[in-house]
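The values are calculated or read from the model by the stated rules, or taken from the named source; none is laboratory data. What you see is a predicted model, and the numbers here were worked out from it, not measured in a lab. Note: ideal-geometry Cβ built from the backbone for every residue, glycine included; neighbour counts use all protein chains shown.
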Ligand SMILES: [Zn+2]
């Protein structure tokens, strides 16, 4: 019996009707059985050219139109759950050589089964294919811009700005939750961590905190004092946050490698977070006592030359401890980098190439108490 008809004898809600459709009942049979269920069951979710009916998945591209420079297509995978619910956006590859995060989303896309999913997952595994294809770290080589610094974007800007604009309209504004995936780039030896950016909106912060704990990475940066002007949000996750959508950033992977430990952290973290959001069945596995980091300190190199690290990622260093040194091309030490504060080495330069002002390391400072 159909719940929509108000017949309470054998109330059957329209989610179950959608399930019936997906498991092989013809649409005509569903329409006869429950018109409202049929209407709901037909709902599809579309991003760019990827359009999936309930219980289905679809691949496509989100077109960044040609402008002052070339256009391109951002790959999109829509996994539309058989049960209706909220929309979760998973985005990686703004930095196209942070490979572990990109491959993690490829894996997530492969294992998600729309028949066992509540709600819809929109996956963009590689926002910056030019960076990936040409192995250019940090920026989009088409316009030289960092693809996580120009949100909410501009319709008439350069390619990075137009991509940000399209992503804001088609992904951010239409989702309910968002996770942005990063990692150490080609020149960064990075330990896994996540960001939580509280907004002061209680319910939103409660959900985003639940997400970041469920994701399970054991070091979490408290990212306060971010732009609140919707016209200058800079970062993808902040664009979602400013629009009232719980959003987090997660990072794993380092220096061009695709280690299974890093990929697995990102995949299992995603599944656990989806369980916390009730999109997948089963209990989440939240981290219980993470290290909260109240701030980060970036150490820039005083001189250019050849960099020699003295510490590994993830170690804890004392204030003033040597992090590494730089020599000229004749072997003479020209500068020594020291930790400006005590804390954990979140990442340290992974290559000998060092220019003046480049990042030697980023140190995370543990918070006095958990938020
Ligand atoms: Zn990144």
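Some values worked out for this structure:
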item: Some residue of region 115-133 being more than 16 Å from the ligand (Cβ to nearest atom), farther than 18 Å from residue 184 by Cα and part of a helix (DSSP H, G or I); result: yes
item: Residue that is nearest to the chain's Cα centre (by Cα) [pool: residues in region 172-189 that are assigned to a loop (DSSP other than H, G, I, E, B) and either without any contact (Cβ under 8 Å) to a residue 24 or more places away in the chain or within 9 Å of the ligand (Cβ to nearest atom) (or both)]; result: 183
item: Top-ranked residue of region 255-266 - restricted to ones that are closer than 17 Å to residue 218 by Cα and in contact with a helix residue (DSSP H, G or I) (Cβ under 7 Å, 6 or more places away or on another chain), ranked as farthest from the ligand (Cβ to nearest atom); result: 263
item: Residues of region 190-203 satisfying the condition of being away from the ligand (no atom under 15 Å from the Cβ) and either in contact (Cβ under 8 Å) with a residue 24 or more places away in the chain or in a helix (DSSP H, G or I) (or both); result: 196, 197, 198, 199, 201, 202, 203
item: Residues of region 283-301 that turn out to be surrounded by 14 or more Cβ atoms within 10 Å (Cβ to Cβ) and over 27 Å from residue 213 (Cα atoms), as a count; result: 2
item: Scan of region 241-262 for residues that are more than 23 Å from residue 100 (Cα to Cα) and surrounded by 16 or more Cβ atoms within 10 Å (Cβ to Cβ), ordered by number; result: 241, 242, 243, 245, 246
item: Number of the condition not met by residue 331 [criteria: (1) farther than 22 Å from residue 254 by Cα; (2) over 30 Å from the mean Cα position of the chain (by Cα); (3) touching a residue at least 40 places away in the same chain (Cβ under 8 Å)]; result: (3)
item: Criterion (within 15 Å of the ligand (Cβ to nearest atom) and assigned to a helix (DSSP H, G or I)) met by exactly one of 104, 110; result: 104
item: Cross-chain or 6+ apart pairs with Cβ under 7 Å, region 238-252 first and closer than 12 Å to residue 180 by Cβ, then within 15 Å of the ligand (Cβ to nearest atom) and part of a helix (DSSP H, G or I); result: 247/237; 248/237; 249/237; 250/266
item: Qualifying positions in region 208-239 - farther than 18 Å from residue 269 by Cβ, more than 16 Å from the ligand (Cβ to nearest atom) and buried (at least 23 other Cβ atoms within 10 Å of the Cβ); result: 233
item: Selected residue (only one of 73, 48, 81, 55 is surrounded by 14 or more Cβ atoms within 10 Å (Cβ to Cβ), more than 16 Å from the ligand (Cβ to nearest atom), at negative phi and modelled with pLDDT of 95 or more); result: 81
item: Top-ranked residue in region 134-155 [being farther than 19 Å from residue 76 by Cβ and outside any loop (DSSP other than H, G, I, E, B); ranked as nearest to the ligand (Cβ to nearest atom)]; result: 145
